[in-house]
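First the structure, in the form of structure tokens, and then the observations on it.
The values are calculated or read from the model by the stated rules, or taken from the named source; none is laboratory data. The shown structure was predicted, so the numbers you read here are calculated from the model rather than taken from an experiment. Backbone-built Cβ (ideal geometry, glycine too); neighbour counts: all protein chains shown. The area values use the complete protein model at the heavy-atom level, side chains included, leaving out ligands, DNA and RNA. Shrake-Rupley method; radii C 1.70, N 1.55, O 1.52, S 1.80 Å.
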Amino acid sequence: MALFTLNINGKTQEVDVDSNTPILWVLRDHLDLVGTKFGCGIAQCGACTIHLDGNAVRSCQLPVSAVGSSVITTIEGLSENGNHPVQEAWLEHDVPQCGYCQAGQIMTAAAFLKNNPNPTEEEIENAMNGNICRCGTYTRIKAAVQTASQKL
Amino acid sequence: MTTVNTKLDRRSFLKVSALAGGGMMLSFSWLAGCKPTPEEELGLPKEWFELNSYIKIGENGAVTLYSPNPEFGSNVKTSMPMILAEELDTDWKNVFVEQADFYPERFDRQFTGGSQGIRMGWRPMRTAGATARALLVNAAAQTWNVPSTEITTSAGILEHKASGKKAHYGEMASLAATLEVPEEVQLKDVNDFKIIGNSKKNVDGENIVTGKPLFALDHRVEGMKYAAIVHPPAFGMRLKSFDKNSVSGMHGILDVFPISVFKDDYTRNSFDTTTFPEIVAIVGNSTWEVMQAKKSLKVEWENAPETSFQMAGWGGNTSSVSIPAGLENSSVHKARMAEYSQKPGTILRRDGDPEGAFKKAAKVIERTYSAPFLAHNTMEPMNCFADVKGDKAVIYGPTQAPEFIMGTLVQALGIPRENIQINLARMGGGFGRRAYSHHLVEAALISQKIQAPVSMVYTREDDMSAGVYRPAYSATYRAAMDENNNLLALHVKAGGIPESPIHANRFPAGAIDNYLAESWDIPSNITIGAFRAPRSNFIAGAEQSFLDELAEAMGKDPIEFRLELLKRAETNPVGENNDYLPQRYASVLELVREKSNWNSPQPNVSRGVSAYFCHNSYVAEVVDTVIKNNQPVVESVYAAVDCGIVVNPDAARNMGEGAIVDGIGNAFFGELAFENGTPTKTNFDKYRMIRHKEAPKKIEVHFVDNGEEPTGLGEPLFPPVFAALANSLYKATGKRYYEQPFAPQLEMQNLKM
């Protein structure tokens, strides 16, 4: 066990956990930030996507000891009032069915659009390809990313 | 207007002052599509007045509607309250929706499955809404001393036009709650619907996009422990022993013990499909710690002998069910299915003289189709929160079927039914998997043993390798034709491991003079269960691929050919038990022909069509593919659907789009194989799921507007996709696709998948 100081959603948090613990479980079990989801545990589905210094990463494969002073943003911290353009676009297109993968989808989309605010359809598909949606909302996700890109 | 008798459904009108078990009302949310502005926002009232099980109204006019069915993504939590709100005649923006707990004394059929939520809920929801409205009208009539027949309602306002009196529902709610429930109420005319048929946003949308705790796995209480399970590595194996000491020194590990889901003398119900009834539980202080211990636990497994148990059937009869011994292999499965498809099966239907027709046929076409086991792979793995202390249990878990697991919980825990509260969590997908809810029993047993609240979760590997899978299937179709390519007879023989996919009385039965349907099945110890459109999800692909090939052999347009058969079934049906309506079947084919511009496709596009009837609904689909950069790309999918009245059109389209994506994914990639009883894929690195790049570039879902009562929607768009895709790929590549998944064959044709 070791003590780690983490910068999460603009707040400094201390946790005492095994240094191999993936950030996913630090967020969920130790900090009650349960918006980040467990899907596969091997970085294949994207449900656990968070931002590390603004880049989308899979939190299930990121040990707490590797974070250092990097800034973590989770779905809970993406916007103040749930009004990030990507979140708003998700609502506009009424994307979610079961909803379980959507936090990860949104985090991937938000990081992607920051670097590429005017993507082509193909670029959107490539960027979102690591996030599985078992309900199959892909066409709506693509439309929502396009809508968000117009507002960014 | 229709008059309905409220006595048919008294339990919905029980007035109970408090919810059992205190409830875990996690899902309190505004319903409005966008955030209510301050002028619009009513806020929480000081007091709620309960008008019936589904509806309570606050003194300020706010309305709470209880959504009875578990939500797994099919939109019932929005759509079912829309039905209540319609007949209540309230303003949707004043509505809060709450997920009801499992409470069969108050709510009907709290089951999500079989695409029956809206169909079965239609009449009870409408009646409950109309009854509450009638109570409010009667309260106003009493207050204003005018006849109730002179009072009108609109968007939550009561009005007596002659006297100019007006009140909102909240002003009459306290009196209305004390009045006698009327024996008869009027339902609205379908043409007067204001909410039904007008798209409403998902009531949990804002909570989902902001990451609010909505799922059982998100639930946290003081003193809660975490648990993982260790199950046999193969079907056909069972627990022999384990060494607690191998993990007991690990940090954060509190306890390790075996649990058994069934007591020896328990008579199972038909939803008691439990993959491994005996497993080992590991309890600790965090998920990560119990997952680490799981890897280190030393366990000995042994081959299980043949076992049998008693199962209660729907009619009350109990039968003995046997589970064979052995470690099964997919290669052996395939060989056995091939063998069975050549042997005589059980005859399910025979019309005319099929054998005679085949003897005199000038030409016989015979094709065999097959598909593997499939894992449901819900994005949220099986999990459950349970808090069992003494003789009381609170279970908060993802289940499609609380009713069917309650008896299992009672016997496993030894706690009476009235002391067990099941609260319904939003599910991260279901697809049939969570109709089998032994994960609730496992969590409850773990909590009971440690006498503390626990959150139990499967790893993805557990979830995929301890599944209740879609069975493996095979179907052989034969057609007899005369020298002029007229269809003389059709013969289908289909089976599976361990169940047959055949629906003997569905189309094209009824359209062909000489028809034979045979069935077979091969026992297995691999657990199977409902998977989106059970049986239909395979047989539709086989049947509709075969009809495509027949149409081609006869030189006919595939839609025209189907319409000809349907015309025959309509005007001069063969046999008496045909379970579909030919006109409605034909209407979706006609609609998809129009919407897809069937007769003038885009240049370079290869298109295939398919149509199927299941879950009381009719669906026709056209798939357009192109080969781009040596890769098959699904360019467009057009669907025409007859599911009667559509309650929430945009959400209905969303689900239809999802079913199409799901079908294309499983047709291309879906496969779970077994070696020595062990699934060869246990996570998404090997089990290929459809992803963004493979999804259709465009999907259009069109509904037949016929004002019929609603029928199923979650499943019926899924089965026809397989053949529409296969038929389209045939046009693109010149090859037919008989074996699912299609990707390996496409790769052998040097296409990139």
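If A:Arg28 meets every condition in (1) farther than 27 Å from B:Ile690 by Cα; (2) part of a helix (DSSP H, G or I); (3) open to solvent by 10 Å² or more (accessible area, probe 1.4 Å); (4) without any contact (Cβ under 8 Å) to a residue 12 or more places away in the chain apart from one, which number is that one?
Status for A:Arg28: all satisfied but (3).
With B:Phe111, B:Phe96 as the choices, which residue is over 24 Å from B:Thr152 (Cα atoms) and either in contact (Cβ under 8 Å) with a residue 60 or more places away in the chain or not aromatic (Phe, Trp, Tyr) (or both)? Working first, answer last.
Working: B:Phe96 fails: over 24 Å from B:Thr152 (Cα atoms).
Going through B:Phe111, B:Phe96 in turn, just one is over 24 Å from B:Thr152 (Cα atoms) and either in contact (Cβ under 8 Å) with a residue 60 or more places away in the chain or not aromatic (Phe, Trp, Tyr) (or both): B:Phe111.
From the list A:Ser149, A:Ser79, pick out the single residue that is more than 11 Å from chain B (Cβ to nearest Cβ) and open to solvent by less than 30 Å² (accessible area, probe 1.4 Å). Walk me through it before giving the result.
Details: A:Ser79 fails: more than 11 Å from chain B (Cβ to nearest Cβ).
When all the criteria are applied, what remains is A:Ser149.
Is at least one residue of region A:39-61 hydroxyl-bearing (Ser, Thr, Tyr), assigned to a strand (DSSP E or B) and touching a helix residue (DSSP H, G or I) at 6+ places or on another chain (Cβ under 6 Å)? Before the answer, list the steps.
First pass over region A:39-61, keeping only residues hydroxyl-bearing (Ser, Thr, Tyr): A:49, A:59.
Retained after the next criterion (residues that are assigned to a strand (DSSP E or B)): A:49.
Subsequent filtering for residues that are touching a helix residue (DSSP H, G or I) at 6+ places or on another chain (Cβ under 6 Å) retains A:49.
Checked region A:39-61: at least one residue is hydroxyl-bearing (Ser, Thr, Tyr), assigned to a strand (DSSP E or B) and touching a helix residue (DSSP H, G or I) at 6+ places or on another chain (Cβ under 6 Å).
Pick from region B:653-711 the residues that are within 13 Å of chain A (Cβ to nearest Cβ) and among the polar types (S, T, N, Q): which of them is most open to solvent (accessible area, probe 1.4 Å)?
Checked region B:653-711; the qualifying residue most open to solvent (accessible area, probe 1.4 Å) is B:Thr682.
Counting only residues that are within 14 Å of another protein chain (Cβ to nearest Cβ) and either part of a loop (DSSP other than H, G, I, E, B) or within 19 Å of B:Asp391 (Cα to Cα) (or both), how many does region B:432-452 have? Working first, answer last.
Let us first name the residues in region B:432-452 that are within 14 Å of another protein chain (Cβ to nearest Cβ), namely B:432-434.
Cutting the leftovers down to either part of a loop (DSSP other than H, G, I, E, B) or within 19 Å of B:Asp391 (Cα to Cα) (or both) gives us B:432.
Qualifying residue count for the region: 1.
Tally the residues that are buried (at least 22 other Cβ atoms within 10 Å of the Cβ) and not hydrophobic (A, V, I, L, M, F, W, C), restricting the search to region B:276-291.
The qualifying residues number 3.
Out of B:Glu461, B:Glu483, I need the residue that is within 14 Å of another protein chain (Cβ to nearest Cβ) and surrounded by fewer than 24 Cβ atoms within 10 Å (Cβ to Cβ). Which one? Let's see the steps before the verdict.
Values: B:Glu483 fails: within 14 Å of another protein chain (Cβ to nearest Cβ).
Just one listed residue meets the conditions, B:Glu461.
Tally the residues that are more than 27 Å from B:Arg532 (Cα to Cα) and either among the aromatic types (Phe, Trp, Tyr) or modelled with pLDDT of 95 or more (or both), restricting the search to region B:95-125. Before the answer, list the steps.
Residues of region B:95-125 more than 27 Å from B:Arg532 (Cα to Cα): B:95-96, B:105-106.
Subsequent filtering for residues that are either among the aromatic types (Phe, Trp, Tyr) or modelled with pLDDT of 95 or more (or both) retains B:95-96.
Here the count works out to 2.
Checking A:Phe112 against (1) open to solvent by 30 Å² or more (accessible area, probe 1.4 Å); (2) within 11 Å of chain B (Cβ to nearest Cβ), only one condition comes out false. Which one?
Going through (1) open to solvent by 30 Å² or more (accessible area, probe 1.4 Å); (2) within 11 Å of chain B (Cβ to nearest Cβ) one by one, A:Phe112 breaks only (2).
Here's a check for you: in region B:164-215, which residue that is of a type in the set (A, V, I, L, M) and within 14 Å of chain A (Cβ to nearest Cβ) is farthest from A:Glu92 (Cα to Cα)?
Here is the first cut: in region B:164-215, the residues of a type in the set (A, V, I, L, M) are B:167, B:172-173, B:175-177, B:179, B:181, B:185, B:187, B:190, B:195-196, B:203, B:208-209, B:214.
Adding the requirement that they be within 14 Å of chain A (Cβ to nearest Cβ) leaves B:203, B:208-209, B:214.
Details: B:Val203: 13, B:Ile208: 13, B:Val209: 11, B:Leu214: 20 Å.
Going through the qualifying residues, I end up with B:Leu214.
With respect to the numbered conditions (1) buried (at least 24 other Cβ atoms within 10 Å of the Cβ); (2) closer than 26 Å to A:Cys48 by Cα; (3) hydroxyl-bearing (Ser, Thr, Tyr), which one is the sole condition not fulfilled by B:Ser447?
(2)
Considering region B:663-717 alone, what residues qualify as being assigned to a loop (DSSP other than H, G, I, E, B), closer than 30 Å to B:Pro649 by Cα and without any contact (Cβ under 8 Å) to a residue 12 or more places away in the chain?
Passing the criteria: B:Arg691, B:Asp705.
On the basis of being closer than 28 Å to B:Gln602 by Cβ, basic (Lys, Arg) and more than 25 Å from the chain's Cα centre (by Cα), does B:Lys735 make the cut?
Numbers: closer than 28 Å to B:Gln602 by Cβ: yes; basic (Lys, Arg): yes; more than 25 Å from the chain's Cα centre (by Cα): yes.
Here the answer is yes, as B:Lys735 does meet what is asked.
Could you pull out the residue among B:Gly390, B:Gly397 that is surrounded by fewer than 20 Cβ atoms within 10 Å (Cβ to Cβ) and not hydrophobic (A, V, I, L, M, F, W, C)? Outline the logic, then answer.
On the way: B:Gly397 fails: surrounded by fewer than 20 Cβ atoms within 10 Å (Cβ to Cβ).
From the options B:Gly390, B:Gly397, the qualifying one is B:Gly390.
Within region B:167-181, count every residue that is surrounded by fewer than 16 Cβ atoms within 10 Å (Cβ to Cβ) and in contact (Cβ under 8 Å) with a residue 60 or more places away in the chain.
The number of residues fulfilling the criteria is 1.
Does A:Leu91 qualify as being part of a helix (DSSP H, G or I), touching an Asp or Glu at 6+ places or on another chain (Cβ under 8 Å) and either at the interface with chain B (Cβ under 9 Å from one of its Cβ atoms) or aromatic (Phe, Trp, Tyr) (or both)?
Numbers: part of a helix (DSSP H, G or I): yes; touching an Asp or Glu at 6+ places or on another chain (Cβ under 8 Å): yes; either at the interface with chain B (Cβ under 9 Å from one of its Cβ atoms) or aromatic (Phe, Trp, Tyr) (or both): yes.
Here the answer is yes, as A:Leu91 does meet what is asked.
From the list A:Cys98, A:Cys40, which one is under 27 Å from B:Asp662 (Cα atoms) and assigned by TED's automatic domain parsing to the domain that holds A:Ile141? Can you show your working first?
Details: A:Cys40 fails: assigned by TED's automatic domain parsing to the domain that holds A:Ile141.
Exactly one of A:Cys98, A:Cys40 is under 27 Å from B:Asp662 (Cα atoms) and assigned by TED's automatic domain parsing to the domain that holds A:Ile141, namely A:Cys98.
I'd like to check something: does region B:479-487 contain any residue that is under 23 Å from B:Ala325 (Cβ atoms), part of a strand (DSSP E or B) and in contact (Cβ under 8 Å) with a residue 12 or more places away in the chain? Show your work before the answer.
First pass over region B:479-487, keeping only residues under 23 Å from B:Ala325 (Cβ atoms): none.
Scanning region B:479-487, I find no residue that is under 23 Å from B:Ala325 (Cβ atoms), part of a strand (DSSP E or B) and in contact (Cβ under 8 Å) with a residue 12 or more places away in the chain, so the answer is no.
Would you check which residues across region B:523-572 are of a type outside the set (Lys, Arg), out of contact with any strand residue (DSSP E or B) (no Cβ under 8 Å at 6 or more places or on another chain), open to solvent by 10 Å² or more (accessible area, probe 1.4 Å) and over 19 Å from B:Cys614 (Cα atoms) and list them?
Of everything in region B:523-572, those that are of a type outside the set (Lys, Arg), out of contact with any strand residue (DSSP E or B) (no Cβ under 8 Å at 6 or more places or on another chain), open to solvent by 10 Å² or more (accessible area, probe 1.4 Å) and over 19 Å from B:Cys614 (Cα atoms) turn out to be B:Glu552, B:Gly555, B:Asp557, B:Glu560, B:Glu564, B:Thr571, B:Asn572.
Testing B:Ser500 on (1) away from chain A (no Cβ under 14 Å); (2) not in a loop (DSSP other than H, G, I, E, B), one condition comes back false. Which one is that?
(2) is the only condition that B:Ser500 fails.
Name the residue, out of A:Ser69, A:Ser65, that is in contact with a Ser or Thr (Cβ under 9 Å, 6 or more places away or on another chain), in a helix (DSSP H, G or I), open to solvent by 10 Å² or more (accessible area, probe 1.4 Å) and away from chain B (no Cβ under 11 Å).
A:Ser65
Is there a residue in region B:100-121 that is surrounded by fewer than 24 Cβ atoms within 10 Å (Cβ to Cβ), among the β-branched types (Val, Ile, Thr) and farther than 20 Å from B:Glu159 by Cα?
No.
For region A:2-25, give me each residue that is part of a loop (DSSP other than H, G, I, E, B), on the phi < 0 side of the Ramachandran plot and open to solvent by 10 Å² or more (accessible area, probe 1.4 Å). Quick ask: steps written out before the conclusion?
Going residue by residue through region A:2-25, those that are part of a loop (DSSP other than H, G, I, E, B) are A:9-10, A:18-21.
From what is left, the residues that are on the phi < 0 side of the Ramachandran plot are A:18-21.
Within region A:2-25, A:Asp18, A:Ser19, A:Asn20 qualify.
Taking only region B:413-431 into account, find how many residues are assigned to a loop (DSSP other than H, G, I, E, B) and crowded, with 24+ Cβ neighbours inside 10 Å. Spell out how you get there, then give the answer.
We begin by selecting, within region B:413-431, every residue assigned to a loop (DSSP other than H, G, I, E, B); these are B:414-416, B:425, B:427-431.
Checking the rest, the ones that are also crowded, with 24+ Cβ neighbours inside 10 Å come to B:425, B:427-428, B:430-431.
Total meeting the criteria: 5.
Being touching a Pro at 6+ places or on another chain (Cβ under 9 Å), at positive phi and in a loop (DSSP other than H, G, I, E, B) is the requirement here; does B:Gly575 meet it? Give the derivation first.
On the way: touching a Pro at 6+ places or on another chain (Cβ under 9 Å): no; at positive phi: yes; in a loop (DSSP other than H, G, I, E, B): yes.
No.
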